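A.B. asks: Handing you a structure now.
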Amino acid sequence: DVLSNLNELDGLFQQDATSISGKLRIDIPPGIAKSLLLPRLSEFLYLHPGIELELSSHDRPVDILHDGFDCVIRTGALPEDGVIARPLGKLTMVNCASPHYLTRFGYPQSPDDLTS
């Protein structure tokens, strides 16, 4: 009996990827969408034809429950509002400036230098 329950449970996770279906609402920052998600999107949709994907892209926090999202992808500190969050990876962040900006304002030494 226990063995048959385990086999049944295992079978639930062995489903064909094409059998996964439904609407999935995701919000993701524009930079991550452009560099990581969009290049792989057509392959994902090909592998999962039953998924109806609704994407939005914001740099601001969204209210997952109020705005009706199933999943959001964010960078930075995790919210403390009771959502379930998992790290997906690490991103290297860089600050860039044009030569014109650096000639005009110099090289910033701290974030405060950027506000003056």
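A.B. asks: Net charge around K23, counting only other residues with Cβ within less than 13 Å of its Cβ (Lys, Arg = +1; Asp, Glu = -1)?
C.D. replies: Summing Lys and Arg as +1 and Asp and Glu as -1 gives -2.
A.B. asks: Applying the Karplus parametrisation 6.51 cos²θ - 1.76 cosθ + 1.60 with θ = phi - 60° to the phi angles of segment 100-109, what ³J(HN,Hα) value in whole Hz is obtained for each residue in order, glycine and proline being reported as x?
C.D. replies: Rounded to whole hertz, the list is 4, 4, 5, 5, 6, 10, x, 7, x, 9.
A.B. asks: Run the numbers for S19 and T92: contour at 0.36 nm per residue of separation, minus the present Cα-Cα distance, in nm.
C.D. replies: On the way: separation 73, 0.36 × 73 = 26.28 nm, distance 3.62 nm.
Working it through step by step, the gained length comes to 22.7 nm.
A.B. asks: Amide H of V72 versus every other amide H placed in the peptide plane: which residues, excluding those fewer than 5 positions away on the same chain, fall under 5 Å?
C.D. replies: Excluding prolines and chain starts, which carry no amide H, the hits are D27.
A.B. asks: Assign one of three labels to segment 59-116, namely rounded, prolate or oblate, based on the Cα gyration tensor with a ≥ b ≥ c the square roots of its eigenvalues; rounded applies when a/c is under 1.5, prolate when it is not and a/b is larger than b/c, and oblate otherwise.
C.D. replies: Prolate, because a/c is 1.5 or more and a/b exceeds b/c.
A.B. asks: Just to check I understand the Karplus step: with θ = phi - 60° and J = 6.51 cos²θ - 1.76 cosθ + 1.60, what whole-Hz values come out for segment 59-72, glycine and proline as x?
C.D. replies: With the stated coefficients, segment 59-72 comes to 8, 9, x, 10, 8, 3, 6, 5, 7, x, 7, 8, 8, 10 Hz.
A.B. asks: According to a simple spin-label model (label point 7 Å from Cα along Cα-to-Cβ), what is the distance in nm between V62 and Y101?
C.D. replies: Here the modelled spin labels are 2.8 nm apart.
A.B. asks: Right, something else. Which residues among segment 47-88 fall inside the zone where the amide N is under 13 Å from a point 7 Å beyond the Cα of I32, along Cα→Cβ?
C.D. replies: 56-62, 71-79, 85-88
A.B. asks: Then there is this: Give me the number: length gained by fully extending I84 to L114, i.e. 0.36 nm times residue separation minus the C-alpha to C-alpha distance, one decimal in nm.
C.D. replies: Answer, rounded to one decimal: 7.3 nm.
A.B. asks: ³J(HN,Hα) across segment 46-56 via Karplus (A = 6.51, B = -1.76, C = 1.60, θ = phi - 60°), whole Hz, x for Gly/Pro?
C.D. replies: Once rounded to whole Hz, the list reads 5, 6, 10, x, x, 8, 9, 9, 10, 9, 9.
Every number in this text was worked out from the coordinates using simple rules, so none of it is lab data. No experiment lies behind these values; they were computed from the predicted model shown. Counting neighbours? That spans all protein chains shown, and the Cβs are built from the backbone with ideal geometry, glycine included.
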